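Undergrad: Below are the C-alpha coordinates for one structure; questions will follow.
The values are calculated or read from the model by the stated rules, or taken from the named source; none is laboratory data. These figures come from a predicted structure and were not determined experimentally. Calculation scope for accessible area: heavy atoms of the full protein, side chains included, ligands and nucleic acids excluded. Shrake-Rupley method; radii C 1.70, N 1.55, O 1.52, S 1.80 Å.
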Amino acid sequence: MANRALAVLGRGILPVETPIARADDAGLTRGDGVFETIHVRYGKPWQLDEHLARMAGSGRILGIDLPPAAELAALVDEVLVDAAADEEVAVKIVCTRGPEGQDRPTVFATMFDVAPAQRQGRRDGIAVVSVTLGVPADVRSGAPWLLGGAKTLSYAVNMAALRYAATAGADDALLVSVEGTVLEAPTANVVWAADGALRTIPVDTGILAGTTVNYLLDRAGELGLRAERARISLDDLYAADEAWLCSSVRGAARITSLDGKPIGEKGLTEGVQRLLGFPV
Ligand SMILES: Cc1ncc(COP(=O)(O)O)c(C=O)c1O
(Lines give C-alpha, C1' and ligand atoms only; values in the text may rest on other atoms or scores of the structure.)
Protein backbone atom coordinates (compact mmCIF):
# COMPACT_ATOMS: atom_id res chain seq x y z
CA MET A 1 0.00 0.00 0.00
CA ALA A 2 1.23 3.50 -0.77
CA ASN A 3 2.63 5.42 2.17
CA ARG A 4 1.23 8.96 2.27
CA ALA A 5 0.63 11.37 5.12
CA LEU A 6 0.38 15.10 5.84
CA ALA A 7 1.04 16.91 9.12
CA VAL A 8 0.59 20.68 9.48
CA LEU A 9 2.30 22.58 12.28
CA GLY A 10 -0.29 23.50 14.89
CA ARG A 11 -2.99 21.32 13.27
CA GLY A 12 -1.54 17.80 13.44
CA ILE A 13 -2.21 14.96 11.00
CA LEU A 14 -4.75 15.80 8.29
CA PRO A 15 -6.08 13.90 5.27
CA VAL A 16 -3.49 14.35 2.49
CA GLU A 17 -6.05 16.13 0.25
CA THR A 18 -6.58 18.93 2.81
CA PRO A 19 -5.91 22.44 1.37
CA ILE A 20 -3.32 23.93 3.67
CA ALA A 21 -2.20 27.24 2.13
CA ARG A 22 -3.95 30.51 1.35
CA ALA A 23 -3.95 31.76 -2.25
CA ASP A 24 -1.66 34.66 -1.24
CA ASP A 25 0.93 32.42 0.42
CA ALA A 26 4.36 33.53 -0.88
CA GLY A 27 5.37 29.88 -1.13
CA LEU A 28 2.70 29.47 -3.82
CA THR A 29 2.88 32.86 -5.52
CA ARG A 30 6.67 33.31 -5.51
CA GLY A 31 8.29 30.00 -4.58
CA ASP A 32 9.43 31.95 -1.52
CA GLY A 33 10.23 29.43 1.16
CA VAL A 34 12.56 26.60 2.09
CA PHE A 35 12.33 22.83 2.25
CA GLU A 36 14.18 19.64 3.13
CA THR A 37 13.70 16.07 1.90
CA ILE A 38 14.78 13.36 4.31
CA HIS A 39 15.21 9.61 3.83
CA VAL A 40 13.43 7.40 6.37
CA ARG A 41 14.75 3.94 7.19
CA TYR A 42 12.90 1.47 9.39
CA GLY A 43 10.59 4.29 10.50
CA LYS A 44 13.48 6.62 11.51
CA PRO A 45 14.51 9.78 9.65
CA TRP A 46 18.14 9.57 8.51
CA GLN A 47 20.42 12.49 9.41
CA LEU A 48 17.51 14.53 10.75
CA ASP A 49 19.73 16.93 12.75
CA GLU A 50 21.85 17.68 9.68
CA HIS A 51 18.74 18.40 7.59
CA LEU A 52 17.27 20.65 10.28
CA ALA A 53 20.57 22.51 10.62
CA ARG A 54 20.66 23.12 6.84
CA MET A 55 17.02 24.23 6.92
CA ALA A 56 17.82 26.75 9.66
CA GLY A 57 20.65 28.04 7.44
CA SER A 58 18.29 28.30 4.43
CA GLY A 59 15.84 30.24 6.64
CA ARG A 60 18.62 32.65 7.65
CA ILE A 61 19.65 33.20 4.01
CA LEU A 62 16.04 33.99 3.00
CA GLY A 63 15.25 35.93 6.19
CA ILE A 64 12.37 33.62 7.14
CA ASP A 65 11.83 33.07 10.84
CA LEU A 66 11.50 29.27 11.00
CA PRO A 67 10.06 27.39 13.98
CA PRO A 68 12.68 25.95 16.37
CA ALA A 69 14.33 22.68 15.26
CA ALA A 70 12.61 20.77 18.10
CA GLU A 71 9.17 21.74 16.71
CA LEU A 72 10.17 20.65 13.20
CA ALA A 73 11.55 17.36 14.55
CA ALA A 74 8.25 16.75 16.38
CA LEU A 75 6.38 17.46 13.11
CA VAL A 76 8.52 14.82 11.36
CA ASP A 77 7.74 12.30 14.12
CA GLU A 78 4.06 13.12 13.73
CA VAL A 79 3.96 12.60 9.97
CA LEU A 80 5.79 9.28 10.35
CA VAL A 81 3.37 7.86 12.87
CA ASP A 82 1.87 5.37 10.40
CA ALA A 83 4.93 4.87 8.16
CA ALA A 84 5.67 1.23 7.41
CA ALA A 85 8.65 0.31 9.61
CA ASP A 86 9.98 -2.25 7.11
CA GLU A 87 10.02 0.04 4.05
CA GLU A 88 12.00 3.07 3.03
CA VAL A 89 9.98 6.28 2.68
CA ALA A 90 10.76 9.99 2.46
CA VAL A 91 9.64 13.04 4.40
CA LYS A 92 9.51 16.57 3.02
CA ILE A 93 9.33 19.55 5.40
CA VAL A 94 8.20 22.83 3.85
CA CYS A 95 8.29 26.31 5.41
CA THR A 96 6.97 29.11 3.20
CA ARG A 97 7.22 32.82 3.97
CA GLY A 98 3.47 32.62 4.56
CA PRO A 99 0.52 34.80 3.57
CA GLU A 100 1.19 38.23 2.04
CA GLY A 101 2.15 40.86 4.60
CA GLN A 102 2.10 38.52 7.58
CA ASP A 103 5.10 37.29 9.48
CA ARG A 104 3.70 33.77 9.80
CA PRO A 105 5.35 30.92 7.87
CA THR A 106 3.20 28.07 6.60
CA VAL A 107 4.82 24.89 7.88
CA PHE A 108 3.94 21.32 6.96
CA ALA A 109 5.47 17.90 6.40
CA THR A 110 4.51 15.16 3.97
CA MET A 111 5.51 11.50 3.95
CA PHE A 112 5.62 9.53 0.70
CA ASP A 113 7.16 6.48 -0.97
CA VAL A 114 10.59 6.62 -2.58
CA ALA A 115 10.06 6.94 -6.35
CA PRO A 116 10.87 3.77 -8.32
CA ALA A 117 13.26 5.82 -10.55
CA GLN A 118 15.37 6.65 -7.48
CA ARG A 119 15.70 2.99 -6.51
CA GLN A 120 16.44 2.06 -10.10
CA GLY A 121 19.20 4.69 -10.38
CA ARG A 122 20.77 3.34 -7.20
CA ARG A 123 20.70 -0.17 -8.64
CA ASP A 124 21.46 0.32 -12.35
CA GLY A 125 23.20 3.70 -12.54
CA ILE A 126 22.13 6.73 -14.55
CA ALA A 127 22.85 8.43 -17.87
CA VAL A 128 23.41 12.16 -17.39
CA VAL A 129 23.50 15.15 -19.76
CA SER A 130 25.25 18.43 -18.98
CA VAL A 131 23.24 21.66 -19.00
CA THR A 132 24.42 25.20 -18.32
CA LEU A 133 23.17 27.05 -15.25
CA GLY A 134 24.20 30.23 -17.03
CA VAL A 135 26.25 31.68 -14.17
CA PRO A 136 30.01 31.80 -13.45
CA ALA A 137 31.11 29.42 -10.68
CA ASP A 138 32.23 32.32 -8.46
CA VAL A 139 29.24 34.62 -8.77
CA ARG A 140 26.93 33.28 -6.07
CA SER A 141 29.41 33.46 -3.18
CA GLY A 142 29.51 37.27 -3.62
CA ALA A 143 25.82 37.80 -4.41
CA PRO A 144 23.63 36.83 -1.43
CA TRP A 145 20.41 37.68 -3.32
CA LEU A 146 21.08 34.71 -5.61
CA LEU A 147 20.49 32.54 -2.51
CA GLY A 148 23.44 30.21 -3.13
CA GLY A 149 23.56 27.39 -0.59
CA ALA A 150 19.86 27.72 0.35
CA LYS A 151 17.36 24.95 -0.36
CA THR A 152 14.53 27.16 -1.57
CA LEU A 153 11.13 26.26 -2.98
CA SER A 154 12.14 27.91 -6.28
CA TYR A 155 12.96 24.65 -8.05
CA ALA A 156 11.21 25.37 -11.37
CA VAL A 157 14.58 25.71 -13.15
CA ASN A 158 15.82 22.48 -11.56
CA MET A 159 12.68 20.62 -12.67
CA ALA A 160 12.95 22.10 -16.18
CA ALA A 161 16.55 20.84 -16.37
CA LEU A 162 15.31 17.35 -15.46
CA ARG A 163 12.59 17.51 -18.12
CA TYR A 164 15.18 18.64 -20.67
CA ALA A 165 17.39 15.69 -19.68
CA ALA A 166 14.45 13.32 -20.18
CA THR A 167 13.79 14.69 -23.68
CA ALA A 168 17.47 14.12 -24.45
CA GLY A 169 17.00 10.47 -23.41
CA ALA A 170 18.93 10.82 -20.13
CA ASP A 171 18.01 10.04 -16.52
CA ASP A 172 19.39 13.22 -14.95
CA ALA A 173 21.12 16.53 -15.64
CA LEU A 174 24.45 17.93 -14.52
CA LEU A 175 24.45 21.71 -14.08
CA VAL A 176 27.65 23.42 -15.17
CA SER A 177 28.84 27.02 -14.87
CA VAL A 178 29.43 29.23 -17.91
CA GLU A 179 33.15 28.30 -17.76
CA GLY A 180 32.31 24.58 -17.91
CA THR A 181 32.93 23.91 -14.19
CA VAL A 182 30.76 21.12 -12.81
CA LEU A 183 28.32 22.42 -10.16
CA GLU A 184 25.65 19.93 -9.09
CA ALA A 185 22.58 18.12 -10.36
CA PRO A 186 19.05 19.58 -10.02
CA THR A 187 18.42 17.46 -6.90
CA ALA A 188 21.81 15.93 -6.07
CA ASN A 189 25.52 16.56 -5.60
CA VAL A 190 28.24 15.05 -7.74
CA VAL A 191 30.96 12.88 -6.20
CA TRP A 192 33.84 11.20 -8.00
CA ALA A 193 36.81 8.99 -7.15
CA ALA A 194 40.23 9.86 -8.57
CA ASP A 195 43.89 9.63 -7.48
CA GLY A 196 43.02 7.77 -4.27
CA ALA A 197 40.49 10.41 -3.18
CA LEU A 198 36.74 10.79 -2.99
CA ARG A 199 36.00 14.29 -4.23
CA THR A 200 33.08 16.69 -4.44
CA ILE A 201 32.54 20.30 -5.53
CA PRO A 202 33.29 23.03 -2.92
CA VAL A 203 30.29 24.99 -1.63
CA ASP A 204 31.90 28.36 -2.53
CA THR A 205 30.41 27.72 -6.00
CA GLY A 206 26.93 28.37 -4.54
CA ILE A 207 25.81 24.73 -4.67
CA LEU A 208 23.85 23.09 -1.89
CA ALA A 209 25.93 21.58 0.92
CA GLY A 210 24.64 18.01 0.61
CA THR A 211 24.05 16.02 3.76
CA THR A 212 24.72 12.78 1.86
CA VAL A 213 28.01 13.99 0.39
CA ASN A 214 29.16 15.26 3.78
CA TYR A 215 28.33 11.90 5.36
CA LEU A 216 30.19 10.06 2.61
CA LEU A 217 33.31 12.25 2.66
CA ASP A 218 33.50 12.09 6.47
CA ARG A 219 33.81 8.30 6.08
CA ALA A 220 35.90 8.12 2.88
CA GLY A 221 38.72 6.55 4.95
CA GLU A 222 36.57 3.43 5.37
CA LEU A 223 36.88 2.95 1.60
CA GLY A 224 40.64 3.54 1.78
CA LEU A 225 40.20 6.95 0.10
CA ARG A 226 41.06 10.53 1.13
CA ALA A 227 38.25 13.12 1.21
CA GLU A 228 38.77 16.23 -0.92
CA ARG A 229 36.75 19.17 -2.19
CA ALA A 230 37.87 20.40 -5.58
CA ARG A 231 36.47 21.97 -8.71
CA ILE A 232 36.46 19.90 -11.88
CA SER A 233 35.66 20.65 -15.49
CA LEU A 234 33.19 18.57 -17.42
CA ASP A 235 36.02 17.23 -19.59
CA ASP A 236 38.09 16.08 -16.60
CA LEU A 237 35.16 14.15 -15.12
CA TYR A 238 35.67 11.55 -17.89
CA ALA A 239 39.04 10.67 -16.35
CA ALA A 240 37.47 9.84 -12.95
CA ASP A 241 37.68 6.25 -11.70
CA GLU A 242 33.95 6.40 -11.04
CA ALA A 243 31.37 9.16 -10.42
CA TRP A 244 27.97 9.35 -8.71
CA LEU A 245 25.04 11.64 -8.09
CA CYS A 246 24.29 11.63 -4.36
CA SER A 247 21.25 12.75 -2.39
CA SER A 248 19.38 11.68 0.71
CA VAL A 249 16.63 9.70 -0.96
CA ARG A 250 18.54 8.19 -3.91
CA GLY A 251 21.74 7.53 -1.96
CA ALA A 252 24.43 7.19 -4.64
CA ALA A 253 23.55 6.55 -8.29
CA ARG A 254 26.58 5.75 -10.45
CA ILE A 255 26.91 7.96 -13.54
CA THR A 256 27.22 5.44 -16.35
CA SER A 257 27.50 8.04 -19.12
CA LEU A 258 27.87 11.79 -19.47
CA ASP A 259 26.61 13.40 -22.69
CA GLY A 260 26.54 9.93 -24.25
CA LYS A 261 30.17 9.03 -23.42
CA PRO A 262 30.89 6.36 -20.77
CA ILE A 263 32.38 7.21 -17.36
CA GLY A 264 34.77 4.84 -15.57
CA GLU A 265 33.65 1.90 -13.47
CA LYS A 266 36.16 0.61 -10.95
CA GLY A 267 33.79 -1.40 -8.76
CA LEU A 268 33.53 1.22 -6.00
CA THR A 269 29.75 1.66 -6.06
CA GLU A 270 28.95 -1.23 -3.75
CA GLY A 271 31.24 0.17 -1.03
CA VAL A 272 29.79 3.67 -1.44
CA GLN A 273 26.23 2.33 -1.19
CA ARG A 274 27.13 0.26 1.87
CA LEU A 275 28.74 3.27 3.54
CA LEU A 276 25.49 5.18 3.01
CA GLY A 277 23.51 2.28 4.46
CA PHE A 278 21.77 1.34 1.22
CA PRO A 279 21.89 -2.29 0.10
CA VAL A 280 22.95 -2.53 -3.56
C1 LIG B 1 20.21 21.15 -5.69
C2 LIG B 1 20.54 20.02 -4.77
N3 LIG B 1 21.84 19.70 -4.56
C4 LIG B 1 22.19 18.69 -3.74
C5 LIG B 1 21.22 17.91 -3.09
C6 LIG B 1 21.65 16.77 -2.20
O7 LIG B 1 21.41 17.09 -0.84
P8 LIG B 1 21.18 15.96 0.24
O9 LIG B 1 22.31 15.00 0.13
O10 LIG B 1 21.21 16.69 1.54
O11 LIG B 1 19.87 15.32 -0.05
C12 LIG B 1 19.87 18.22 -3.26
C13 LIG B 1 18.85 17.43 -2.57
O14 LIG B 1 17.70 17.38 -2.94
C15 LIG B 1 19.52 19.30 -4.12
O16 LIG B 1 18.23 19.63 -4.31
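Undergrad: Cut-off 10 angstrom, C-alpha nodes, Gaussian network model of the chain. Which of Pro105, Pro262, Pro19 fluctuates the most?
TA: Ranking Pro105, Pro262, Pro19 by mean-square fluctuation puts Pro19 first.
Undergrad: What value, in deg cm²/dmol to 500, does the helix sum -39500 (n - 2.57) over DSSP H runs of n ≥ 4 give at 222 nm once divided by the residues of the chain?
TA: -7000 deg cm²/dmol
Undergrad: Could you provide, to the nearest whole Å², the per residue accessible area of the chain with probe 1.4 Å?
TA: Computed with neighbouring chains in place, this is 46 Å² per residue.
Undergrad: What shape does segment 193-280 take by its C-alpha gyration tensor, where a ≥ b ≥ c are the square roots of the eigenvalues and a/c under 1.5 counts as rounded, a/b above b/c as prolate, and the rest as oblate?
TA: On the way: a/c = 1.33, a/b = 1.10, b/c = 1.22.
Because its axes are fairly even, with a/c under 1.5, segment 193-280 counts as rounded.
Undergrad: For the full complex of protein chains and a 1.4 angstrom probe, list Val135, Val107, Val203 by accessible area with the highest value first.
TA: Result of the area sort, largest leading: Val203, Val135, Val107.
Undergrad: Considering Cα pairs under 8 angstrom that are at least six residues apart, work out the relative contact order of segment 4-114 and quote it in whole percent. Working shown, then result.
TA: Working: 205 pairs, mean separation 41.9, N = 111.
Relative contact order here is 38 percent.
Undergrad: Near Lys151, which lysines are there with a Cα under 27 Å away, not counting those fewer than 8 places off in the same chain?
TA: Lys44, Lys92
Undergrad: Whenever you get a sec, compute what percent of the accessible area on the chain sits on carbon and sulfur atoms (1.4 Å probe).
TA: Percent of accessible area from carbon and sulfur atoms in the chain: 53.
Undergrad: Specify the inter-centroid distance of segment 232-274 and segment 19-94, based on alpha-carbon positions, in whole Å.
TA: 28
Undergrad: Step through the residues of segment 48-59 one at a time and calculate ³J(HN,Hα) from phi using the Karplus curve (6.51 cos²θ - 1.76 cosθ + 1.60, θ = phi - 60°), rounding each to whole Hz and writing x for Gly and Pro.
TA: Each residue of segment 48-59 in turn: 4, 4, 5, 5, 5, 5, 5, 5, 4, x, 4, x Hz.
Undergrad: Here is a follow-up. Amide H to amide H under 5 Å from Ile263: which residues, 5+ apart in sequence or cross-chain, H placed 1.01 Å off N in plane?
TA: Ser257, Leu258
Undergrad: Please report the antiparallel percentage of the DSSP beta bridges confined to the chain, to the nearest 5.
TA: Approximately 80 percent, going by the DSSP bridge assignments.
Undergrad: Only bridges with both residues in segment 118-275 count here: give the DSSP antiparallel percent, nearest 5.
TA: 60
Undergrad: With a 10 Å cut-off between alpha carbons and a GNM built on the chain, which of Arg199, Arg11, Arg30 moves the most?
TA: Arg11
Undergrad: A further question on this structure: Tabulate in residue order the Karplus-calculated ³J(HN,Hα) for segment 211-228, using 6.51 cos²θ - 1.76 cosθ + 1.60 with θ = phi - 60°, rounded to whole Hz; enter x for Gly and Pro.
TA: These are the phi-based 3J(HN,Hα) values: 5, 5, 4, 4, 4, 5, 5, 4, 10, 4, x, 5, 9, x, 10, 7, 9, 9 Hz.
Undergrad: Ok, one more. Report, in degrees rounded to the nearest 10, the 0 to 90 angle that the Cα long axis of helix 69-79 makes with the longest principal axis of the chain.
TA: Once rounded, the angle reads 90 degrees.
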